[in-house]
Structures are given as structure tokens and as C-alpha cells.
Amino acid sequence: MSRLAYVNGRFLRHAEAGVSIEDRGYQLGDGIYEVWAVFDGKLADPKGHFARLERSLGELQIDMPMSRAALTVALRETVRRNKVRYGIVYLQVTRGVARRDHAFPTVPTAPTVVITARSGDSAAAQAKAAKGVSVITLPDNRWGRCDIKTINLLPNVLAKQAAREEGAFEAWLVDADGLVTEGASSNAWIVDADGVLRTRDIGANILRGVTRLTLIEVAKSAGYTIDERAFTVAEAKAAREAFLTGAGALVMPIVRIDDAPVANGHPGQVASALRAAYIQRAKQTSI
Ligand code: PLP
């Protein structure tokens, strides 16, 4: 089956789909994106992802290209046409096509909307979670608006590549005070010595992860105490458990940070239980 991509209202063969070379996303990184996990062909955490989408667009003064309802139809149709039961659906919205100039176009410009969907291997993901993953730590050298989900991902790309070259799954970014901000494409969590779940507060310069937000609710209703407070790399290495969250990896136990195993080097019970609880909840609430 050939994959299909949604481009400005039309479904095109993925391999041949494209946008103008004068698209401001391509030229200037002037755009945002959003990623939904897909369970049983449906979009996970819809409210959180739509709210963040609208916020990201608002921060860049780009109009919502269509209503939430119309966008939901387009996203679901992309999932359906690509026969994705489990995986992700990706939406990118840029300021559109205009003669290259840093400042916004002075004539009204229609945003460029691209949607793609990709199947994942849920058994392989589950096997990875059963084994756990490793992370490396690197200085956080990103800009001051990491709360906007922009397509400007170069520091994240370089951090992820460094992790890949070290055989690690993710890079945890560390601020000037030695505190972990987040991963290159995920939020960072630990279970501290008191059994408290710690993840950095969103007042800091991090992405407001939707999986993070849902997991806070899931964990609270399961009776865990959550402390939205940053932790140091040393605290993470000494933690009972560590894990990361994101629409792609969902909830993924971490068993190694740099050269140090986390606890006994096996996925922790809390992270594993929360992964299961998150997936159950996401399946129930997906649309
Ligand atoms: N932090 C960064 C930098 C990310 O890129 C992502 C996801 O791509 C996340 C956190 C996790 O966000 P979400 O749970 O909404 O996927």
C-alpha cells in the first residue's frame, strides 16, 4: 500500500507530496507541529493536543487553518487512508508561501497544512519498555521559547544524534543550574527516594508535554504524589526510577543515565504500571 499525505486539503502520494520551496517553514522554520499517538485508529489525548496546537499557533500569530472539528476529520482521514491502527499522526502548519523575507508577509498568506500518519509496532514498543532505555545528558542550548512546539528543532536534532551515537535512546538536556529540563523529544521524570514522582514544572522553558499532563492525572488518580519540581542529574542517577513521556514513546522506563544504571538497571514498577495505565486511559479517551 502506498502512503498518502494530506497537503492543503488534498491527499497525495506520500513519496511525491511536497510544498513550495518558498514555504516559510522550509526557508525560515516559521511554523509549528503537533503529534498525536494513535490507538485503534483514533487520536489520543485530543483535548490537550488541540489546546497546545492553538496556543503554539497563537504565539506565532498564525491563524488556525480550520476548525478543530474540520482538523479532526482531516487527521482521522489521514490515519484511515494510511491504515494506521497504532502509531502516530503528524500535523505541520507553517505561515505559508511568500517571497523570502524574515518579517511576516504583508499580504494575507494561507498557512500550509501537511498531515502524515505512520504505523508503529506495538509489540516492539512493548518489548522496548520491558527492557528499558538509556539516556545521556547534555547542556540545554536551546532558545527561550521551548514552550512553543516549533519546527525549529536543530538543537534537539543534534542532541538526539549524539544520543544515537552513544547507543542511547534519548538525550536529557541540563540547564545552567545542573537541573534537567526535558529530553530532546520527551519530558523527563524520576521517582525519588520517597516514592514521589518528580517532573519539571511548566513554568520553566520546556514543552508542555500532553502525555506528561495526562500522566499527571493518571498518576494522581492511582494515588501517587506528584511534585512538579526540577531535579539534578545526580538526583536522577540516585532515583528509584526514571522514565520519559511523549506521544511517540508514551511512557518509557529509563534504566541507564550516562554511565550509571538507575537502581538495579531494570525498569521500575511504577514506570511500568504507569505505562499500562496511561495506555488504558488513552485508549478510552481517544477520538
Ligand atoms: N519535550 C519535547 C522537546 C518534545 O519534542 C516532546 C514531543 O515531541 C515532548 C516533550 C513530549 O510532548 P508530548 O507528550 O506532547 O508528545
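Over the chain, Cα pairs under 8 Å with separation of 6+ residues give a relative contact order of 18 percent. Computed from phi, the 3J(HN,Hα) profile of segment 8-15 under the Karplus parametrisation 6.51, -1.76, 1.60 (θ = phi - 60°) reads 6, x, 10, 9, 10, 4, 3, 5 Hz, with x in place of Gly and Pro. Only one residue of 250, 231, 17 has its Cα farthest out toward the positive end of the dipole of the chain, where Lys and Arg carry +1 and Asp and Glu -1 on Cβ, and that residue is 17.
With springs only between Cα atoms under 10 Å, which of 232, 150, 94 fluctuates most in a Gaussian network model of the chain? Highest fluctuation of the listed residues: 232. Among beta bridges identified by DSSP and lying wholly in the chain, the antiparallel ones come to about 80 percent.
Here the sum of -39500 (n - 2.57) over DSSP H runs of 4 or more residues, divided by the residues of the chain, equals -9500 deg cm²/dmol at 222 nm, to the nearest 500.
Relative to the Cα centre, the charge distribution of segment 202-247, modelled as +1 at Lys and Arg Cβ and -1 at Asp and Glu Cβ, gives a dipole magnitude of about 60 debye. Identify, among 214, 93, 271, the residue whose Cα sits farthest towards the positive end of the charge dipole of the chain, taking +1 on the Cβ of Lys and Arg and -1 on the Cβ of Asp and Glu, with the dipole about the Cα centre. The one lying farthest along the dipole's positive direction is 93.
Carbon-plus-sulfur fraction of the accessible area of segment 209-283, 1.4 Å probe, in percent?
Carbon and sulfur together cover 49 percent of it.
Accessible area per residue for segment 125-285 is 44 Å², calculated with a 1.4 Å probe on protein heavy atoms, without ligands, DNA or RNA. Potential lengthening of the chain between residue 220 and residue 143 amounts to 24.5 nm, from the contour at 0.36 nm per residue minus the alpha-carbon distance.
Would you mind getting the accessible area per residue of segment 4-120, heavy atoms of the protein chains only, 1.4 Å probe, in Å²?
Working: 5860 Å² over 117 residues.
On a per-residue basis, segment 4-120 sits at 50 Å².
Between amide H atoms placed 1.01 Å from N, distances below 5 Å from residue 140 occur with 174, 175, all of them 5 or more places distant or on a separate chain. Measuring nothing but protein heavy atoms, the accessible surface of segment 4-120 at 1.4 Å probe radius is 52 percent carbon and sulfur. Sparsely packed loop sites in segment 172-280 (the GluC sites (Glu not before Pro) outside DSSP H, G, I, E and B with at most 16 other Cβ atoms within 10 Å) comprise 228.
Computed with the Debye formula from one identical point scatterer per Cα of the chain, without solvent, the log10 of I(q)/I(0) at q = 0.07 Å⁻¹ comes to -0.26.
Cα centroid separation, segment 109-152 to segment 23-65: 13 Å. Here, segment 182-243 is characterised by an Rg to Rh ratio of 0.93, where Rg is the alpha-carbon radius of gyration and Rh the Kirkwood radius.
Using a/c under 1.5 as the rounded threshold, could you call segment 243-285 rounded, prolate or oblate? The axes a ≥ b ≥ c are square roots of the C-alpha gyration tensor eigenvalues, and prolate needs a/b larger than b/c, oblate otherwise. Each step should come with its number before you reach the end.
Values: a/c = 5.38, a/b = 2.12, b/c = 2.54.
Cα axes put segment 243-285 in the oblate bin.
Sequence-distant contacts, meaning Cα pairs under 8 Å at least 6 residues apart, place the relative contact order of segment 233-287 at 32 percent.
Mean projection of the Cα convex hull over all viewing directions, computed for segment 1-118: 7.0 nm².
For segment 125-285, what class follows from the C-alpha gyration tensor (a ≥ b ≥ c being the square roots of its eigenvalues): rounded when a/c is under 1.5, otherwise prolate if a/b is larger than b/c, else oblate? Judged from the Cα gyration tensor, segment 125-285 comes out rounded (a/c under 1.5). Relative contact order of segment 138-270, taken over Cα pairs closer than 8 Å and 6 or more residues apart, is 21 percent. Of all DSSP beta bridges confined to segment 124-243, the antiparallel ones make up roughly 55%.
The values are calculated or read from the model by the stated rules, or taken from the named source; none is laboratory data. Predicted, not measured: the structure shown is a model, and the values here were computed from it. Reconstructed Cβ throughout: ideal geometry from the backbone, glycine too, with neighbour counts over all protein chains shown. For accessibility, only protein heavy atoms count, side chains too; no ligands or nucleic acids. Shrake-Rupley method; radii C 1.70, N 1.55, O 1.52, S 1.80 Å.
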